[in-house]
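One structure below.
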Amino acid sequence: MYDLHCHSTCSDGQLSPADLVRRARERNVTVLALTDHDTLNGLPEAAATAEEVGIRLVPGIEFSCRWEGRGVHVVGLNFDPQHPQLLQAVEQQEITRWERAQLIGEKLAKLGIEGSFEGACRLAGEGGMVGRPHFAQYLVEQGLVADIDGAFKRYLGTGKPGDVKQSWPVMEEAIGWIRAAGGLAVLAHPDKYKVTRTRLRAMVEEFRDVGGEGIEVVSGNQNANVTRDMQQLAARYELLASCGSDFHFPGQSWQDLGVMPPLPESCTPVWERF
Ligand code: MN
Ligand code: MN
Ligand code: MN
């Protein structure tokens, strides 16, 4: 059982890399990729635990980037985690992330919401990667919205008053970093971008044209019709198929480690190239 997309406390997940790997093992995952947002920090601990419990850990990352003014995520798999260009890119992403978080804080302050940058940093924890989920948590904490979803809908999502996206690199750049380090670039959760199918095809076509090699045909415990659509998209652009839970924390049955439908048989799995 392959799970090639999940998060630890090194980004916005709730389990430490070690606990995450142990949970994956308990849930019958045999090949796991830890794909924290824009950081490689969890990989050494995850690799050590994977060896201990006897599963295979594939180096992974989920890069934030943009396509036509929209935030998109590109997962890198099976690269050299020591590659200098990749390390430099991760450092740059970290700076971008901090600058972006400050901008989100300023935008929210203009709406009369004070202290959100500090609050988000506190929630991200020491050494954590501050991001929109932490701002969302802060807004919930302040009683401004009922839940995380509401925070994105009202303040943080695409086109909302706290939305900042221009700072991320273009998709092509993120793909380049992954390829330079010998990895495979996979478009994350293509069904989650809230664009029309026509726009999604344009996104996937450009992704392929600038060096992307795969898409997540299966992301979490998704519906069969979504799987079929994504499989057709992979076939149309001759892309490899990946699958991952996008697990962040226990208690979400649609996003738990190893919980997802199998890849359709007509797909060429990305792991054939590992
Ligand atoms: Mn996340
Ligand atoms: Mn993502
Ligand atoms: Mn993710």
Over the chain, one equal point on each Cα, no solvent: what is log10 I(q)/I(0) by the Debye formula at q = 0.11, 0.12, 0.13, 0.14 Å⁻¹?
-> -0.59, -0.71, -0.84, -0.99
Final fewest-first order of Glu51, Glu216 on the 10 Å Cβ neighbour count is Glu51, Glu216
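Here are some pairs, Lys110/Lys194; Lys107/Lys192; Lys165/Lys194; which of them have Cα atoms lying more than 22 Å apart in this structure? Don't skip to the answer; put the middle values down first.
Numbers: Lys110/Lys194 27 Å; Lys107/Lys192 25 Å; Lys165/Lys194 16 Å.
In this structure, Lys110/Lys194; Lys107/Lys192 lie more than 22 Å apart at Cα.
With +1 on the Cβ of every Lys and Arg and -1 on the Cβ of every Asp and Glu, and nothing else charged, how large is the dipole of the chain about its Cα centre, in debye rounded to the nearest 20? Intermediate results must be reported in sequence, preceding the final value.
Details: 27 positive and 37 negative charges, 165 e Å.
Magnitude of the dipole: close to 800 debye.
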For region 68-165, give the magnitude of the charge dipole about the Cα centre (Cβ charges: +1 Lys/Arg, -1 Asp/Glu; no others), in debye to the nearest 20.
-> 400 debye
Positive-pole candidate from Thr196, Ser167, Gly258, dipole of the chain, charges at beta carbon = Thr196
Between 0 and 90°, nearest 10: helix 43-53 axis offset from the chain longest Cα axis | 50 degrees
Where the centre of each part is set by its Cα atoms, how far does region 55-98 sit from region 199-274, in angstrom?
-> 18 Å
Ordered by residue, what ³J(HN,Hα) values in Hz, to whole numbers, does region 261-270 give under the Karplus form 6.51 cos²θ - 1.76 cosθ + 1.60, where θ = phi - 60° and Gly and Pro are x?
-> x, x, 5, x, 5, 6, 6, 9, x, 4
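Report the calculated FRET efficiency for Gln102 and Met1 (r = Cβ-Cβ distance, R0 = 45 Å), to the nearest 0.05. Mind dumping the intermediate values first?
On the way: r = 41 Å, r/R0 = 0.90.
Efficiency, rounded to the nearest 0.05: 0.65.
Note the per residue figure in Å³ for the convex hull of the C-alpha positions in region 50-157.
Hull volume over Cα atoms, normalised by residue count, gives 146 Å³.
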Any idea what angle helix 197-209 forms with the longest principal axis of the chain, computed on alpha-carbon atoms, 0 to 90 degrees, nearest 10?
-> 70 degrees
Once you treat every alpha carbon in region 156-203 as an equal point and sum by Debye, what is log10 I(q)/I(0) at q = 0.17, 0.25, 0.28, 0.31 Å⁻¹?
-> -0.71, -1.09, -1.10, -1.11
Per-residue HN-Hα couplings for region 78-95 [Karplus 6.51, -1.76, 1.60; θ = phi - 60°; Hz; x = Gly/Pro] | 6, 9, 7, x, 9, 4, x, 5, 5, 4, 5, 5, 5, 4, 5, 5, 5, 4
Just need the Rg to Rh number for region 1-76, please, alpha carbons only, Kirkwood Rh.
-> 1.02
Cα convex hull volume per residue for region 172-240, in Å³, equals 84 Å³
Longest to shortest principal axis, alpha-carbon extents of region 98-156, angstrom = 28, 21, 16
Enter the angle in degrees (range 0 to 90, nearest 10) between the Cα long axis of helix 224-236 and the first principal axis of the Cα atoms of the chain, meaning the one along which they spread out most.
-> 70 degrees
Using +1 on the beta carbon of Lys and Arg, -1 on that of Asp and Glu, and nothing else charged, what's the dipole of region 1-157 about the Cα centre, debye to 20?
-> 460 debye
Of Leu15, Ala33, Ala101, whose Cα points farthest to the positive end of the dipole of the chain (charges on the beta-carbon: +1 Lys, Arg; -1 Asp, Glu; origin at the Cα centre)?
-> Ala101
Would you mind checking which residues have amide H under 5 Å from Ala33's amide H? H placed 1.01 Å from N; only 5 or more apart, or other chain.
-> Asp3, Leu4, His5, Val58
Which whole-number value in Å³ per residue fits the convex hull of the alpha carbons of region 62-123?
-> 108 Å³
Between region 105-142 and region 17-42, how many Å separate their Cα centres?
-> 26 Å
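For Asp80 and Glu52 in the same chain, what is the full-extension length gain: residue separation times 0.36 nm, less their Cα-Cα distance, in nm?
Details: separation 28, 0.36 × 28 = 10.08 nm, distance 2.12 nm.
Extra length from Asp80 to Glu52 when fully extended: 8.0 nm.
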Going toward the positive end of the dipole of region 98-156, with +1 on Lys and Arg Cβ and -1 on Asp and Glu Cβ, which of Ile113, Tyr155, Gly131 do you reach last?
-> Tyr155
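Values quoted throughout were computed directly from the atomic coordinates according to the rules given, and no laboratory measurement underlies them. All values derive from a computational prediction rather than experimental measurement. Positions of Cβ are generated from backbone atoms using ideal geometry, with glycine treated the same way; all protein chains shown enter the neighbour counts.
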